[in-house]
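Novice: There's a structure below that I have some questions on.
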Amino acid sequence: LRREGVEAVVVLIHEGGVAPGSINGCSGVSGPVVDIVGRLHGAVDLVVTGHTHQAYNCRLPTAEGRDIPVTSAGAFGRLITRIDLTLDRASRDVIGAAAENLLVDRVNYLNTATPIQPDTKISSVVANYNALAEPIANRVIGSITAPITRSANASGESALGDVIADAQLRATAAPERGGAVVAFMNPGGIRADLTYPSSNAGEGDGQVTYGEAFTVQPFANSLVVKTLTGAQIYALLEQQWAIGQPASGRILQVSERFGYRHSFRPAQSALGGQYVCPGSVTLDGVPVEAGGGYRVTMNSFLASGGDGFAVFSLGRDALGGEVDVDAFADYFGARSPVAPGARDRIVQVAACG
């Protein structure tokens, strides 16, 4: 960009930090964004961040020590960041930058005296796409026997995480689809629960629609199969509570046939330690071998090292697959009625021994 004469540079990045306090505060900011901005070239004028669902309005130093605005607008449309940049017509560079996080008014639209009115042109576009999507969203893909939720037990495993990982393993187990023997799913990619009876079908019989499946997995990530060694799988699991992860860790959900034990205790154990019990990582009850090769399924977000799981990017012989939500829907078509996962694949112990 600089070689092409660009002087005003704004970076948008799906990564962020945490700054306790007000929505426009920056006191005690921490997290990956601090290091990232600290390594940026001084030509960068503004950084707009996300990912951590936090609200902050900072000025942080670049590699050259130049303080630049770094913003985040929280999550779920609760805030909008208003950013004003002043450009010099001669140099074409930014000579002033001001940012402010503003609360979105979620009350005034109910005010009968002066309600907020939706923009008619945008509303018509939304209504048109809703009508087009409705037959797809309401298509019944299967059923469940009981609610299947994201709620994790003490070990970090959820019933819905089990089901999603199983669906991804089923989609990639055939030799021509990757020959996977285990699948890992990041918990942050599971965005909703499956309720019973199904909220959309309205039949009271636990039917699940494609729209509900899409709400659970809305990112349209493709599935990827790579070969990891047993030693890399151990290292991968340790990254669940590496420095930079939440205090509760970030526990990957795992498919059937795979299991392990760990001694990590959320909000009690220190990040950066070694918590996977040696010899406890098994496939079909057999301990994985450090030098053995195992075909592992992940989504495309994880495949590039997302959520701090850099080990995934070290895998070899990658093979791409179908979209994750389609694999989820196909699983329901083949296995319905689907019961909640047993949450017995990851076991938390007081101490390894």
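The values are calculated or read from the model by the stated rules, or taken from the named source; none is laboratory data. Treat the numbers as computed from the prediction; the structure is a model and nothing was measured. When we count neighbours, we look across all protein chains shown, and the Cβ atoms used for this are built from the backbone with ideal geometry, even at glycine. Accessible surface is based on the protein model in full, side chains and every heavy atom, while ligands, DNA and RNA are left aside. Shrake-Rupley method; radii C 1.70, N 1.55, O 1.52, S 1.80 Å.
Novice: Defining a contact as two alpha carbons under 8 Å apart and six or more residues distant in sequence, what relative contact order in percent does the chain show?
Specialist: 17
Novice: Residues with beta-carbon under 12 Å from that of D162, excluding D162: net charge, scoring Lys, Arg +1 and Asp, Glu -1?
Specialist: 0
Novice: Rounded, prolate or oblate: pick one for region 26-84, where a ≥ b ≥ c are the square roots of the eigenvalues of its C-alpha gyration tensor, a/c under 1.5 means rounded, and failing that, prolate if a/b is larger than b/c, else oblate.
Specialist: Taking the square roots of the gyration eigenvalues as a ≥ b ≥ c, region 26-84 is prolate.
Novice: So what is the relative contact order of region 178-306, in percent, for Cα pairs below 8 Å that sit 6 or more residues apart?
Specialist: In percent, rounded to a whole number, it is 36.
Novice: Given a 1.4 Å probe and the protein chains all in place, what does the accessible area of L85 round to, in Å² to the nearest 10?
Specialist: Solvent-accessible area, nearest 10 Å²: 70 Å².
Novice: Whenever you get a sec, compute what percent of the accessible area on the chain sits on carbon and sulfur atoms (1.4 Å probe).
Specialist: Carbon and sulfur: 55 percent of the exposed surface of the chain.
Novice: Counting other C-beta atoms within 10 Å, and keeping those with at most 11, which DSSP coil GluC sites (Glu not before Pro) do you find in region 185-273?
Specialist: In loop regions of region 185-273 (DSSP not H, G, I, E or B), the sparsely surrounded GluC sites (Glu not before Pro) are E203.
Novice: Excluding the sites themselves, what is the longest stretch of the chain that contains no trypsin sites (Lys or Arg not before Pro) in a DSSP loop with at most 11 other C-beta atoms within 10 Å?
Specialist: 107-353
Novice: Just to be sure I understand: of the beta bridges DSSP finds with both ends in the chain, what percent are antiparallel, rounded to 5?
Specialist: 75
Novice: Then there is this: Tell me the accessible surface of L87 in square angstrom (1.4 angstrom probe, heavy atoms of protein chains only), to the nearest ten.
Specialist: Surface accessible to solvent at L87 totals approximately 100 Å².
Novice: Ignoring ligands, DNA and RNA, what accessible area per residue does the chain give at 1.4 Å, in Å²?
Specialist: With the other protein chains kept in place, the chain gives 50 Å² per residue.
Novice: Report S30's accessible area, 1.4 Å probe, all protein chains in place, as a number in Å² to the nearest 10.
Specialist: Here the accessible area works out near 60 Å².
Novice: If a/c stays under 1.5 just call it rounded; otherwise compare a/b with b/c (prolate if a/b is bigger, oblate if not). Do that for the chain, with a ≥ b ≥ c from the square roots of the Cα gyration tensor eigenvalues.
Specialist: The shape class here is oblate.
Novice: What is region 1-101 by shape, rounded, prolate or oblate, if you read a ≥ b ≥ c off the alpha carbon gyration tensor as root eigenvalues and call it rounded for a/c under 1.5, prolate for a/b larger than b/c, and oblate otherwise?
Specialist: prolate
Novice: Consider a paramagnetic label point 7 Å from the Cα of L102 along Cα→Cβ; state which residues of region 75-94 have an amide N under 12 Å from it.
Specialist: Within reach of a label on L102, which here means backbone N under 12 Å from a point 7 Å along Cα→Cβ, region 75-94 contributes 79-84.
Novice: In addition: T145 versus R257, label points 7 Å from Cα toward the beta carbon: distance in nm?
Specialist: 2.2
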